[in-house]
Structures are given as structure tokens and as C-alpha cells.
Amino acid sequence: MANDGDYYEILGIDRSATEEEIASAYRKTARKYHPDLNPGNEEAVEKFKLAAEAFNVLKDKEKREIYDRYGKAGLERNGDPGAFRDVSDIFGAFGDFFGGAFGDVFGGGRSAGPRPGGDVRCGVTLDLHEAAKGVVKEIKFRRREVCPTCGGTGAKPGTKPETCKYCGGRGRIQQSTGIFSIQTTCPKCGGRGQVIASPCADCRGSGLVVKEVTREVHIPAGVDSGIRLRMTEEGDRSPNGGVPGDCYVLIQIKKHPLFRREGQDLVCQIPIGYAQAALGAEIEAPTLDGVEKVKIPAGTQNGDVIRLKGRGMPTPRRNAVGDLLIQLFIEVPKKITPEHEAILRKLAACEGDSVLKERKSFSASLKEFVKDFFPEKKNDKQQGGDDKKEEKKK
């Protein structure tokens, strides 16, 4: 372990520094002494290593407690060598910590390692009642599994992959431009660090084969079309031991014959007769829990809405439920019996004697509209006489 300086002094921070302050100080120090920015400066390289050593200890809560109590000797007794052998070890440990700006531009990318598996997608269709109550669905989808013939190596049985000579097995190649170094994926091996001279016949060298699998997915109550559920690590397998990908399940809700969904509210349009609207009535209305009786007040107008609180769709993972909106529209029959016709004519006569307030208001507005936008035209005879008078004047 290097013995030059106190870790807190190396990073220029107080002993009470937070995790964010430690990380920020390391970024600043590492950039200052980065080998690519200090070519040929061995002192800068050593300071770069010391900064990484300090960060490696102070970022870890357990290591930091040991260091604060016993110093570097305590870490050595605990079996932690602390120091990095060379700069490449630092890039391998902390390359991802800096992101693209540090890892790719300064050459801090990691050497080839286990690649994670890819994500897969599938869909499931629910009816409205399943979406409202929540359901467990069995789904089938295809994903790539490790090839049983080659065990994921991609090589023909009896052979094995060879180290890529182009990148030396790193999976990446480095190009220098002045003080900067840029790393790119090796074009020869595609980043695997190995090449296959004799590929497996079953997986064609990929190390993976497609297989259909069956799983159960738990769908929470209140989901809507377009929502994606993630099944962790149910995606493609990794051919070389990496973390499997995820499976994303896309939800689709079938159209319901009675209900229209508006967010977490449900809308149901119900036709009623003129007499029911005028006199009031009690009707049967559908809900997600069955048929329910609803009172219509006298004088109901076309388009009026009756709101049933808490009878809509639940909100996923929240203790909230939408409403059911009963939208009423007055249905006019296309055909009527002579008896109905006689009653309606009698009603029309009664309405003629005492026209309703709204209808009076509309009639007055209509007359004003015609007067303002469509002035009364003169009749043809009057217009002809006016034309002859004009000719005599000429």
C-alpha cells in the first residue's frame, strides 16, 4: 500500500466530508493528474494512483471506519492492499464512475467483461373488468437462452474461442490524438475479446438460441392501455455469465360495449324517454359490480350527468378510485302509435299556449340573428321599378 500522505489531504477534503463531496473531490483530482493530460510526468501518474487509492477507501463506509480508527495499517491487517498496481486497474475499477466524458475520451473504459442480456417485449390483452380488479395472467414470449450444445461459448464442441489478436482480448481499441485517447469497440471481435474459428452449428457462434418460455405476470388493478410492466431478469440470457435482460409487458385493454374510459373515470351513456326526463324516474344503470338503481330528477335535460363517486377505475398502487359518470340523453322514437301521436299533439297544443322560458329566449335570439345578418330583401316587382327609375335619370 502506498504510504504517501493522508487520504483526506490527498483529495483536499475534511474528515467530515459527505459521500457527494468525496466523489466530487476525486473527480477533480483525477482529471488534474490524468496521465493523458500529463504525458511523461511520472509524478502526476503517482498522484493519480494515490487519488484512486484514497477514493477506493473513503467511498466505502466500512473501509472508511477502519481507516479513521487505525489508519492504513488497519486496512492492511483487514486484508485490503488498497493500492492499485497500474493505471489500467484504476480504469477497470472506476471507468464507469466518470461516464463517457472520462471513460471514452481519456481511455477509461473497462476491458471486455460479461455482457448483459438484451431486453425482450411481449403484450397482454385484458378486458375492462380484469383491468379494474387486477389479475394474474399467463404469458408466452420468446427470448434467447444459452446454447446447450456449446454452453454459450459459441464454439463448436471440442474447440474453444481464441483471443482476438486485433485488440489483444480487451474488446476495445484505443486511438491517440494529441493528449486525448479515444476507445472504440473492436471491429474484429465486436467487443467480445475473442474470435471463433469453428462456430457452433446450433447457435451459429452467438452462444444463444431462441426459446419460447411461459411465465405468470401479476397485473395491478387500474392499469390502462399503453402501460408497460417490467419483469426483472426475464429477458435474453447473457452468453458469458452477465446479468440477464428484462421482459417488458405492454398492456392493452379491450373496448367495452357500455363503458368509455377517461383516465380513472368511467362514462356510460344511458337513453331515457321524454316522460322520464320531464317527470323524473328510477332507472337501472350498469356498474363494474353489477346493475344499480339510479334516480333521475324531474326536469332532467339532454346531456345531464349523474356522478357515482368511487365507482370508476382504481389508481395503480394508490388508495384512490375514479367515478362513474352516467350521461343521460333523451331518446326520440322514430315510429309512434296513433295513441302516442294523439297524446303528443295534445302536449304540443299545451306547450303552444305556454311556451317554455328557454324556447322563448331562443326564438327571440333567432329573430335578432336573422335581422342582423340577413336583411329583408325587396320583392322582384319593387326591385324592377327601382331599376327603371334609374334608367330615366340617366
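Has segment 236-253 got any residue that is under 30 Å from Q327 (Cα atoms) and among the aliphatic types (A, V, I, L, M)? Among the residues of segment 236-253, at least one is under 30 Å from Q327 (Cα atoms) and among the aliphatic types (A, V, I, L, M), which makes the answer yes. The residues in segment 295-319 that are under 12 Å from A132 (Cα atoms) and of a type in the set (A, V, I, L, M, F, W, C) can be counted, and the count is 1. Among the strands (runs of 3 or more DSSP E) confined to segment 256-357, the ones with at least 1 residues that are free of Cβ contacts under 8 Å to residues at least 12 places away in the same chain are located at 259-262, 281-287, 290-296. Cβ-Cβ contacts under 7 Å between residues 6 or more apart (or on different chains), taken from a first residue in segment 191-219 that is farther than 18 Å from T149 by Cβ to a second residue that is among the small types (G, A, S) and surrounded by fewer than 16 Cβ atoms within 10 Å (Cβ to Cβ), are listed as I219/G134. On the phi > 0 side of the Ramachandran plot and at pLDDT 90 or above: does that describe E216? For E216, the condition - on the phi > 0 side of the Ramachandran plot and at pLDDT 90 or above - is not met. For segment 114-144: of the residues being of a type outside the set (A, V, I, L, M, F, W, C) and buried (at least 20 other Cβ atoms within 10 Å of the Cβ), which is nearest to V213 (Cα to Cα)? This residue is R143. Elements of the type helices (runs of 4 or more DSSP H) sitting completely within segment 9-79 and holding at least 1 residues that are at pLDDT 85 or above and closer than 24 Å to Q183 by Cβ: these cover 19-32, 42-58.
The values are calculated or read from the model by the stated rules, or taken from the named source; none is laboratory data. Note that the structure is a prediction, hence the values are computed from the model and not measured. Using ideal geometry, Cβ is built from the backbone for each residue, glycine included, and neighbour counts are taken over all protein chains shown.
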